[in-house]
Amino acid sequence: MTPAARVARNGTLILGGGFAGANLARLLGRRGATIVSPESSMLYTPLLPEIAAGAIEPRHAFVPLRMMCPDTEHVRGRAVTLDEAGKTVLVETADGPLLLQYERLVVALGSTAHMPAIPGLNEHAIPFKNLSDATRLRNHVLQCLDAADLNPAHAEQHLTFVFAGAGYAGVEALAELMQLTHDVARYYPGLRNVRQRWVLVDTGMRILKQVPGPLGDYATTQLRKRGVEIRLSTGVESVEEHAVTLSDGTRIETETFVWTAGVVPHPLVAQLGLPRDERGRIVVDSSLRVDSRTDVWALGDCARVPNGATPEHPDPPTCQHALRQARRLANVLRGSTTPYRYRSIGEGATLGRDRGIARMFGMCLRGLPAALIVRAYHLKQVPVRSRRLRILTDGLLSRIFRRDMAELGMIEGVPAWSQTSSQAVQASPVGSSSGSEHTIATDVLRRG
């Protein structure tokens, strides 16, 4: 079958509609571009823990690409192959193959969950990378509460929750879901005297290694006060249907094992034929141009982006850095030659409803002020005002009425060409925690 052909708007073709790609398209404004994404919306991933805990309505964390980037042509499909000589990309769509021709190509494909070759990991772990994962985890935790109430003899096993990876994703997801179980406990009087066990495992020497030591220590103290077992310098040996074995030989009987230990570039990156580093990221220069290419750029989680402000370290995979990369690349595509340079204004994490940590402009904050600052920052980064207001309203209502305990229906109606799995990537080494904030968004939700 001969694919239909089309020229990218203004000659600029963007592969990927996540945070980096969507923001680049928005910043290009009336210059326009064509963006290829299997989803119609961008999900702001830092809100995933609060979505999983019922504090935010899932749809409100999505920003429709056509609303966010009104001057951008949106092709809903999945890039398959790149022909650099012919300057074309073959895209699979619901209506068949489409050949897109470009003058300038931008790769912003993001990342997927890093699933190393640990026995049983792919079969039994719950990753935490996209909305489908968050929905699955939320439903699973609520079902564990019901199962424990129904079968008191095995209640402790149902109420044991193990998280691997003590970066932003792991710590925030654990804290938020712990808040959810606390908020709904009054509806389970039979479990009032049954101990919940929360375990956080990481191969590193401390949790939240991305933040200054004192803030990480504060987070550790807060979690331990709530009864969380923190096992550092400890990996995962194997995962079974009803248990997980740690590298120190400890075997924990549990129905819930959550994997948040790192990300790897999207699998398509390896098939594009572009230069990559030892971690599979596309190698780019200070203008985000791909090494030895003149018409291809890359940014976000799938690229190794050098930063003039931190020459010893490339940019980490966070929304904060992806946005700055998008701003720099938008200017580069307009003709700017200024190299990319960005010094982070800070970092932070929430530890449930009323606690958090934050470093802003060199100041370290803890407790409720830090939690409010982190949430305000995330709110500000959501690009559409109506979405910001919806998220703000959700947050205020969750404080008044506590977390929503209604299960979310499973995601359905996703066409085969747009299906993806955050469990699809296999790798050999076991990495420690990492905090990626890009995801593959999915649109169709229903209430269960």
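The values are calculated or read from the model by the stated rules, or taken from the named source; none is laboratory data. Everything numeric in this text was worked out from a predicted model, so none of it was measured. Note: ideal-geometry Cβ built from the backbone for every residue, glycine included; neighbour counts use all protein chains shown.
Pick from Arg186, Arg192, Arg206: which is surrounded by fewer than 18 Cβ atoms within 10 Å (Cβ to Cβ) and within 29 Å of Ala358 (Cβ to Cβ)? Give the steps one after another, and end with the answer.
Details: Arg186 fails: within 29 Å of Ala358 (Cβ to Cβ); Arg192 fails: within 29 Å of Ala358 (Cβ to Cβ).
None of the others qualify; the one that does is Arg206.
Which ones in segment 303-327 are among the hydrophobic types (A, V, I, L, M, F, W, C) and either within 17 Å of the chain's Cα centre (by Cα) or surrounded by 18 or more Cβ atoms within 10 Å (Cβ to Cβ) (or both)?
Let us first name the residues in segment 303-327 that are among the hydrophobic types (A, V, I, L, M, F, W, C), namely 303, 305, 309, 319, 322-323, 326.
Hits for segment 303-327 are Ala303, Val305, Cys319, Ala322, Leu323, Ala326.
With respect to Thr181, is the statement that it is touching a Pro at 6+ places or on another chain (Cβ under 9 Å), of a type in the set (Ser, Thr, Tyr), under 17 Å from Ala55 (Cβ atoms) and surrounded by 17 or more Cβ atoms within 10 Å (Cβ to Cβ) true? Please lay out each step first, then the result.
Numbers: touching a Pro at 6+ places or on another chain (Cβ under 9 Å): no; of a type in the set (Ser, Thr, Tyr): yes; under 17 Å from Ala55 (Cβ atoms): yes; surrounded by 17 or more Cβ atoms within 10 Å (Cβ to Cβ): yes.
No, not satisfied.
Please go through segment 75-96 and pick out each residue that is farther than 23 Å from Val283 by Cβ, crowded, with 17+ Cβ neighbours inside 10 Å and either over 24 Å from the mean Cα position of the chain (by Cα) or not basic (Lys, Arg) (or both).
Within segment 75-96, Val75, Gly77, Val91, Glu92, Thr93 qualify.
Identify all residues within segment 97-126 that are closer than 16 Å to Gly165 by Cβ and either buried (at least 24 other Cβ atoms within 10 Å of the Cβ) or touching a Cys at 6+ places or on another chain (Cβ under 9 Å) (or both); write none if there are none.
Within segment 97-126, Ser111, Thr112, Ala113, His114 meet the criteria.
Is it true that Thr337 is part of a loop (DSSP other than H, G, I, E, B) and touching a residue at least 40 places away in the same chain (Cβ under 8 Å)?
Working: part of a loop (DSSP other than H, G, I, E, B): yes; touching a residue at least 40 places away in the same chain (Cβ under 8 Å): yes.
Against the criterion (part of a loop (DSSP other than H, G, I, E, B) and touching a residue at least 40 places away in the same chain (Cβ under 8 Å)), Thr337 qualifies.
Can you name the condition, by its number, that Asp301 falls short on among (1) touching a residue at least 40 places away in the same chain (Cβ under 8 Å); (2) farther than 13 Å from Ala108 by Cα?
For Asp301, the failing item is (2).
Filter segment 76-118 down to the residues that are more than 21 Å from Val332 (Cβ to Cβ), among the acidic types (Asp, Glu) and at pLDDT 95 or above and list them by number.
Correct list: Asp83, Glu92.
Can you spot a residue in segment 52-71 that is of a type outside the set (Asp, Glu), under 16 Å from the mean Cα position of the chain (by Cα) and assigned to a strand (DSSP E or B)?
yes
Of the conditions (1) more than 23 Å from Leu177 (Cα to Cα); (2) out of contact with any helix residue (DSSP H, G or I) (no Cβ under 6 Å at 6 or more places or on another chain), Gly262 clears all except one; give me its number.
Unmet condition: (1).
Looking only at segment 340-364, which residues are part of a loop (DSSP other than H, G, I, E, B), in contact with a Leu (Cβ under 8 Å, 6 or more places away or on another chain) and not hydroxyl-bearing (Ser, Thr, Tyr)?
So the first thing to find is which residues in segment 340-364 are part of a loop (DSSP other than H, G, I, E, B), and the list is 340-345, 351-355, 361-362.
If we keep only those that are in contact with a Leu (Cβ under 8 Å, 6 or more places away or on another chain) as well, we get 340, 351, 354-355.
Hits for segment 340-364 are Leu351, Asp354, Arg355.
Considering every residue within segment 148-159, establish whether at least one is in contact with a His (Cβ under 9 Å, 6 or more places away or on another chain), buried (at least 19 other Cβ atoms within 10 Å of the Cβ) and part of a helix (DSSP H, G or I).
Yes, because at least one residue in segment 148-159 is in contact with a His (Cβ under 9 Å, 6 or more places away or on another chain), buried (at least 19 other Cβ atoms within 10 Å of the Cβ) and part of a helix (DSSP H, G or I).
Can you say whether Pro369 is at pLDDT 90 or above and in contact with a Pro (Cβ under 6 Å, 6 or more places away or on another chain), as far as the supplied structure shows? Walk me through how you get there before you give the answer.
On the way: at pLDDT 90 or above: yes; in contact with a Pro (Cβ under 6 Å, 6 or more places away or on another chain): no.
In short, no.
Collect the residues in segment 240-264 that are within 19 Å of Val141 (Cβ to Cβ), part of a strand (DSSP E or B) and over 23 Å from the mean Cα position of the chain (by Cα), keeping them in residue-number order.
Ala243, Val244, Ile252, Glu253
Name the single residue that is farthest from Phe361 (Cα to Cα) among those in segment 179-216 being among the polar types (S, T, N, Q) and assigned to a loop (DSSP other than H, G, I, E, B). Full working, then the answer.
Filtering segment 179-216 for residues among the polar types (S, T, N, Q) gives 179, 181, 193, 196, 203, 210.
Among the residues that remain, those that are also assigned to a loop (DSSP other than H, G, I, E, B) are: 193, 196, 203, 210.
Details: Asn193: 45, Gln196: 38, Thr203: 29, Gln210: 15 Å.
By that ranking, first place goes to Asn193.
Would you call Ala330 touching a residue at least 12 places away in the same chain (Cβ under 8 Å), over 17 Å from the mean Cα position of the chain (by Cα) and closer than 28 Å to Leu65 by Cβ? Walk me through it before giving the result.
On the way: touching a residue at least 12 places away in the same chain (Cβ under 8 Å): yes; over 17 Å from the mean Cα position of the chain (by Cα): yes; closer than 28 Å to Leu65 by Cβ: yes.
When the stated conditions are applied, Ala330 passes them.
Any idea which of Val184, Val211 is in contact with an Asp or Glu (Cβ under 6 Å, 6 or more places away or on another chain), of a type in the set (A, V, I, L, M, F, W, C) and over 29 Å from Gly249 (Cβ atoms)? Show your work before the answer.
Working: Val184 fails: in contact with an Asp or Glu (Cβ under 6 Å, 6 or more places away or on another chain).
Result of the check over Val184, Val211: Val211.
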